[in-house]
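Beneath this line is the structure, given in structure tokens, with notes to follow.
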Amino acid sequence: MSRPGNSDYWLRAAWPAPNHIHAGISTRAPGYSQQPYAEFNLALHVGDDTRSVQKNRDQLQSFLRLPTEPHWLNQTHGNQVVEIHTASSPRDADAAYTHKSGVVCALLTADCVPILVCNRDGTEVAAIHAGWRGLAANIIAETLTRFKSSADDLMAWIGPHISATSYTVREDVRNACINSLSESVTVAFHPNGDNTWQADLSKLASMLLSSAGVTDIYDSNLCTYENKRHFYSYRREKKTGRMASLIWIDHELMS
């Protein structure tokens, strides 16, 4: 089986992962959902028609030739990590790890940072949902503790998310991140006047990955807020759909 390439509704992660690692993120079109979720919404929790969402999920599974149904999480903006061995019902968590081939780790975003991780041998993978609360709660470090491989043997791909130019936060958000992490993260917040700040989630995520020992970091440099054609954005539209970031190990391509 070849690695799934880019398409109208799938953006492959651009990183030097082994060939048997499949990773990427869906886009918002084409699909079955109607406004305001048009068209390829993959989330069941946002008010969209359940049948439309399931058709979209079926379409994604067929196109990517997924080995199993993705393991969907009930995301809570915290730092809970689940280790997945087989497909099961959703669990409350914001990151999923597996070393089993054929198990699809999945997360849903519409501005938050999707982070996909694997080791260089392609025997371990993880998917991390990282909004500012999850980053402040150190969801990245919590997830990396599940890997048997050392941090310097890992690589990470930062998927599309809201960029600093489009993401204004209050002083309390900045203070929460500084208090939970360290004073060094102030460089990820740019003053905007009136006690508001432009928050650079990509920089913050990269800093936390680096401080945990991950040196191979690949950023998509794509903004969900600015690219309405391809991505959902909660900040832009409020009532909207979600993209899915997936990563799995393909046993058929493993040497």
*Which numbered condition Glu39 misses (of (1) within 26 Å of Ala205 (Cβ to Cβ); (2) buried (at least 17 other Cβ atoms within 10 Å of the Cβ); (3) of a type in the set (Asp, Glu))*: (1)
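Let's see how each residue does on (1) crowded, with 17+ Cβ neighbours inside 10 Å; (2) touching a Gly at 6+ places or on another chain (Cβ under 9 Å); (3) touching a residue at least 12 places away in the same chain (Cβ under 8 Å); (4) in a strand (DSSP E or B):
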{"residue": "Val185", "(1), (2), (3), (4)": "yes, no, yes, no"}
{"residue": "Pro191", "(1), (2), (3), (4)": "no, no, no, yes"}
{"residue": "Ala205", "(1), (2), (3), (4)": "yes, no, yes, no"}
{"residue": "Gly241", "(1), (2), (3), (4)": "yes, yes, yes, no"}
*When residues of the stretch 113-140 are filtered for being of a type outside the set (Val, Ile, Thr) and either in contact with a Pro (Cβ under 6 Å, 6 or more places away or on another chain) or surrounded by fewer than 24 Cβ atoms within 10 Å (Cβ to Cβ) (or both), how many remain?*
11
*Within the stretch 32-44, which residues are free of Cβ contacts under 8 Å to residues at least 60 places away in the same chain and farther than 18 Å from Trp10 by Cα?*
Gln34, Gln35, Leu44
*Considering every residue within the stretch 153-171, establish whether at least one is closer than 19 Å to Gln80 by Cβ, of a type in the set (S, T, N, Q) and touching a residue at least 40 places away in the same chain (Cβ under 8 Å).*
no
*What pairs can you find where one residue is in the stretch 55-67 and over 16 Å from Asp8 (Cβ atoms), the other is outside any loop (DSSP other than H, G, I, E, B) and of a type outside the set (Lys, Arg), and their Cβ atoms are less than 7 Å apart, with a gap of 6+ or different chains?*
Pro67/Trp248
*With respect to Ala29, is the statement that it is touching a residue at least 12 places away in the same chain (Cβ under 8 Å) and either of a type in the set (Lys, Arg) or crowded, with 22+ Cβ neighbours inside 10 Å (or both) true?*
no
*Within the stretch 209-222, identify whether any single residue is assigned to a helix (DSSP H, G or I) and farther than 25 Å from Gly24 by Cβ, and answer yes or no.*
yes
_Odd one out for Ala176 among (1) modelled with pLDDT under 95; (2) under 21 Å from the mean Cα position of the chain (by Cα)_ = (2)
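For Leu135, indicate whether it is among the aliphatic types (A, V, I, L, M), farther than 29 Å from His230 by Cβ and either in contact with a strand residue (DSSP E or B) (Cβ under 9 Å, 6 or more places away or on another chain) or modelled with pLDDT under 95 (or both). Lay out the reasoning, then the answer.
Working: among the aliphatic types (A, V, I, L, M): yes; farther than 29 Å from His230 by Cβ: no; either in contact with a strand residue (DSSP E or B) (Cβ under 9 Å, 6 or more places away or on another chain) or modelled with pLDDT under 95 (or both): yes.
It is false that Leu135 is among the aliphatic types (A, V, I, L, M), farther than 29 Å from His230 by Cβ and either in contact with a strand residue (DSSP E or B) (Cβ under 9 Å, 6 or more places away or on another chain) or modelled with pLDDT under 95 (or both).
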*asked:* Checking the conditions here, which among Pro4, Pro90 is modelled with pLDDT under 95, crowded, with 16+ Cβ neighbours inside 10 Å and in contact with a strand residue (DSSP E or B) (Cβ under 8 Å, 6 or more places away or on another chain)?
replied: Pro4
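The values are calculated or read from the model by the stated rules, or taken from the named source; none is laboratory data. On a predicted model such as this, the values are computed, not experimentally measured, just so you know. When we count neighbours, we look across all protein chains shown, and the Cβ atoms used for this are built from the backbone with ideal geometry, even at glycine.
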